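For reference, the structure is listed below as structure tokens.
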Amino acid sequence: MTHRKDGAFFMTASISQELRLFAEELQNSLSLSTLQQVAREVGFVQRESKYRAQDLAALCVWLSQSVAVSSPFPSHYTSTFKRIRILDSTAFQLPDAFSSVYPGTGGCSHTAGVKIQLEYDLLSGQFLHVHTGPGKQHDRTYGSLCVPTVEANDLCIRDLGYFHIKDLRHIQEKKAYYISRIKSNTRVYQKNPKPEYFRDGRIKKGSEYIQLDMERLMNALQPGQTYEITDAYIGMSEKLPTRVIIHRLTEEQQEKRLRDREVREKKKGMTYSPRSKRLSGMNVYTTNIPMNLVPMGHVHDLYSLRWQIEILFKT
């Protein structure tokens, strides 16, 4: 029997104990390789994904018992951040008859689809925003609608689809934090140590900042190496002061990304520029979290928490 308490369901001690023993027995009998093999045979797993067969088993079999509890966050994260806000979306197709109400993302006007926008707090598990709309809805538009609800000491983790420099500035003004990847066409600058001046002492606008060659910086790194650009600014007109971290992918990671892009090009009828494909060899992150709280090497790990929302979507 289950009992409800504070909006959640809890199991009686006897049932919980039985499930724990059952879960331990299954763990002893089913190895991860066996679970993956079964998942492929039944069609649950058809391609490589961050969401694996064992993740579904943890959700549906262990029923959130202790055998499936994630490792706790480092204490300095929970004491620094009031909430870790993860925003992402998922979409699915509908019969074409719904295209007038829920137009999809395909090139044809008669395609139909729904997009679910979800923002939740990873620390408390509470849903902050849930919205359903047409599949063609842009993530960036919805991301901007969520920004006014950001509070001091929140950490907002978002992917490229939501990247908008004005949103990042707004989060900064709220005394909150962000981690985001930046798009390959985003301009990154440093202040010019030797700018030019007019006779009246004013700095000549075109000489105040130096644009960095991101491709050159990437090529200077070894595969798997990480580098931080100090005193960075992003945006052609915004010039947002921020931390910029470059992580060069391994050859295997880059090859996989290029294969994924080829699939996306065929599916969506689009073409990535040659420069964009070259720059796909690195991840570029921007964050305003002070270095003493999150060192350069930990930014990628903290950003990777965003993938936990995929488990919610699969559920």
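Structure summary
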{"quantity": "3 or more residues at pLDDT 65 or above: qualifying strands (runs of 3 or more DSSP E) within segment 1-114", "calculated": "83-94"}
{"quantity": "Condition met for residue 221 (under 20 Å from residue 300 (Cβ atoms) and either touching a residue at least 40 places away in the same chain (Cβ under 8 Å) or of a type in the set (Ser, Thr, Tyr) (or both))", "calculated": "yes"}
{"quantity": "Condition check for residue 201: out of contact with any strand residue (DSSP E or B) (no Cβ under 9 Å at 6 or more places or on another chain) and among the small types (Gly, Ala, Ser)", "calculated": "yes"}
{"quantity": "Some residue of segment 141-156 being open to solvent by 70 Å² or more (accessible area, probe 1.4 Å), farther than 21 Å from residue 314 by Cα and in contact (Cβ under 8 Å) with a residue 24 or more places away in the chain", "calculated": "yes"}
{"quantity": "Odd one out for residue 199, checked against (1) in a loop (DSSP other than H, G, I, E, B); (2) open to solvent by less than 60 Å² (accessible area, probe 1.4 Å)", "calculated": "(2)"}
{"quantity": "Residue list for segment 228-240, restricted to those being more than 13 Å from residue 168 (Cβ to Cβ) and either without any contact (Cβ under 8 Å) to a residue 60 or more places away in the chain or in contact with a Pro (Cβ under 8 Å, 6 or more places away or on another chain) (or both)", "calculated": "229, 230, 231, 236, 237"}
{"quantity": "Of all residues making up segment 75-91, the number that are open to solvent by 50 Å² or more (accessible area, probe 1.4 Å) and in contact (Cβ under 8 Å) with a residue 40 or more places away in the chain", "calculated": "4"}
{"quantity": "Close pairs from segment 191-214: first within 15 Å of residue 230 (Cβ to Cβ), partner in a loop (DSSP other than H, G, I, E, B), Cβ under 7 Å, at least 6 apart", "calculated": "191/208; 192/208; 209/192; 209/239; 210/192"}
{"quantity": "Qualifying residues in segment 154-198 (those that are at pLDDT 90 or above and among the polar types (S, T, N, Q)) - the one farthest from residue 77 (Cα to Cα)", "calculated": "192"}
{"quantity": "Residues that are among the basic types (Lys, Arg) and either surrounded by 20 or more Cβ atoms within 10 Å (Cβ to Cβ) or part of a loop (DSSP other than H, G, I, E, B) (or both), drawn from segment 182-192", "calculated": "183, 187"}
{"quantity": "Single unsatisfied condition, residue 243 versus (1) modelled with pLDDT under 95; (2) under 22 Å from residue 281 (Cβ atoms)", "calculated": "(1)"}
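The values are calculated or read from the model by the stated rules, or taken from the named source; none is laboratory data. The structure displayed is predicted, hence computed values, not measured ones. Because the Cβ atoms are built from the backbone with ideal geometry, glycine has one as well, and the counts that use them run over all protein chains shown. Note: areas computed on protein heavy atoms with side chains; ligands, DNA, RNA excluded. Shrake-Rupley method; radii C 1.70, N 1.55, O 1.52, S 1.80 Å.
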